[in-house]
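Take a look at the structure set out below.
We did not get these values from a lab; they are worked out from the coordinates using the rules stated. Model, not experiment: these values are computed from the prediction. FYI the Cβ positions are ideal-geometry reconstructions off the backbone, even for glycines, and counts take in every protein chain you see.
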Amino acid sequence: MTFAELLEQVGSMGRFQIIHVMLLVLPILLMASHNILQNFTAATPGHHCHIAIVANYTCDDNFTDVLYCQELLRISIPVDGNQQPEKCLRFISAQWQLLDPNATTTNGTEMETEPCMDGWIYDKSVFTSTIITEWDLVCGSRTLKQMAQSIYMAGVLVGAIVFGSLSDKFGRKSLLIWSCLQMAITGSCAAFSSNFTMYCVFRFLTGMALSGINLNCVSLSVEWTPTKLRAAVGMVTGYSYSIGQFILAGLAYVIPDWRWLQLAVSVPYFFFFFYGWWFTESARWLATAGKLNQALKELQKVARINGRKEEGDKLSVEDLRASLQKEMSSAKSTHTAADLVRTPSVRRISWCLCFVWFSTSFAYYGLAMDLQNFGVSIYLIQVVYGAVDIPAKLIGFFMISFIGRRVTQASALILAGLAILANIFVPQDLQTLRTLLAVFGKGCLAASFNCAFLYTGELYPTVIRQTGMGFANTLARVGGIVAPLVQMTSEYLPSLPLIIYGAAPIVSGIATCFLPETRNMPLPDTIEDVERQRRSRVITDVGRKDKVPLKASRLEPLKEII
């Protein structure tokens, strides 16, 4: 009896699985809020130098004489090429001649100017407070904004490495509970940061916690779900992340202060921490860890919740030992990250997934990195970016269910790359078309992410599944860290960032074609299972080429060769 048959005996998709998945997706709802939180908490409002050169009389947010302020701004701040006040320069002395209506506006660089010595005045019509206005991360310090996001993504990367391995050793439930607590504490502490350095430290720890939540929520949902319904569960998980983007837009609109917004998306994880103790540990993991008694209790608990108490009571440790012999034998050997490249099949899987995860995250954050560049309401574009996920992931779900994981993954990546590359040939003045192509590309990448989580969980065996998921997430976070750096290449060629963002998904889509299909296939429990499935596919392919059934006598020499 396999684990799938044991799961069927205690209820493969009953009340337990429904409640289990519903509770697991709640922490994922706010994951998007943390991933793209700096679109709002680190938004850069309009600003110019603080004016204090005319009899110590200044214009600030509380000044009511608008006409006087406009005149003061005209004589104090130079204008740029677009006839807008310079953001980082001011006149050393008042230029009274500029008040003459017949005077020709002169570019500020032809007059004596100096950097902003007394701070900045910010436009607070949209955001009352951000980390930019809090610590003046503009002009010479503007790169610190990107640094803060890179530090957060570095935390997500470290978390993927650390929590991926630890959950394979200590279990999914324990690490999920710890990650929720860490997210709640460090996210809340970030809201009370007194300086930029403290803020970055807590954001790094928050990023680590996010990886732990992500990895273990996906594993617990997959490992308690029957094969035929894994795609549906994957769609529910993916949609919860999409809905989280709507939640973030709504919260940011209602809460324009960055500290309160940071708290709003962090405090709920205290609630997730408390109810996380109810979660049922993966019986698959318990079996591989040699904890048969606890695995039996968990299966009986599931049977009781699903209304199959009698079937659960019939199970015994001896039954589990006989049925889960593969899982128990795998526990005798220690599995490390080296197992990801030790055997041919797993090595090929790991190599191809490197491309898939890196390019999906790389292109995704390349598109979603700075919503302010669209020139429209930041809240509106956030809603549009979230809305496109709904049809994209729905189409992806049907493709995953009826066509297969491999085709879905490859097509989503290639279409995303083509959409990004197409923007190279669209003139800058056609902003609507450019935005539509970017939104379409983002939808394809969202579908790619959705498929990648399910596909990766199905490709790796139970004994190294979390290690493999951690490895895949590591590559994704490297892509997220590198994405902002690519924007710098626009100084050499304006279209170069789009070329790089577009080429990466296309190459990864081609690499996906070398992965095996997992639709309607049982989850592999050991590395030997993966190798056995590969041999089975090779034998099947040879049989198809021969166009005749392969008899047992013909299989033996072929197996020896393989």
Checklist line | Pairwise FRET efficiency - residue 513 versus residue 347, Cβ, R0 = 22 Å, nearest 0.05 | finding: 0.85
Note to self: Suppose we keep just the alpha-carbon trace of region 203-308; what are its Rg and Dmax in angstrom?
What the structure shows: 17.5, 52
Note to self: Using the Kirkwood formula on the Cα atoms of region 182-240, what hydrodynamic radius do you get, in angstrom to one decimal?
What the structure shows: 13.2
Margin query: For region 447-536, take the convex hull of the Cα atoms, compute a quarter of its surface area, and give me that in nm², please.
Written below: 6.8
Note to self: If N is the number of residues in region 392-450, what value comes out of its Cα radius of gyration divided by 2.2 N^0.38 Å?
What the structure shows: 1.22
Checklist line | Dipole of region 387-531, positive direction: furthest Cα of 398, 453, 518, with charges on the beta-carbon | finding: 398
Note to self: My understanding is that a pair violates if its Cα-Cα distance is over 24 Å; which of 169/393; 169/297; 169/309; 228/393; 228/301 do that in this structure?
What the structure shows: 169/393; 169/309
Next item on the list: Would you calculate the separation in nanometres between label points at residue 318 and residue 503, each defined as 7 Å from the Cα along the Cα-to-beta-carbon direction?
Entry: 6.5
Checklist line | Geometric extent, Cα atoms of region 154-275 - Rg, Dmax (angstrom) | finding: 15.4, 51
Margin query: Past 27 Å, Cα to Cα: identify those pairs from 124/442; 87/145; 87/442, in the order given.
Written below: 124/442; 87/442
Note to self: Let me make sure I get this right: for region 341-485, a, b and c are the square roots of the gyration tensor eigenvalues over alpha carbons, sorted descending. Under 1.5 in a/c it's rounded, otherwise prolate if a/b > b/c, else oblate. Which is it?
What the structure shows: prolate
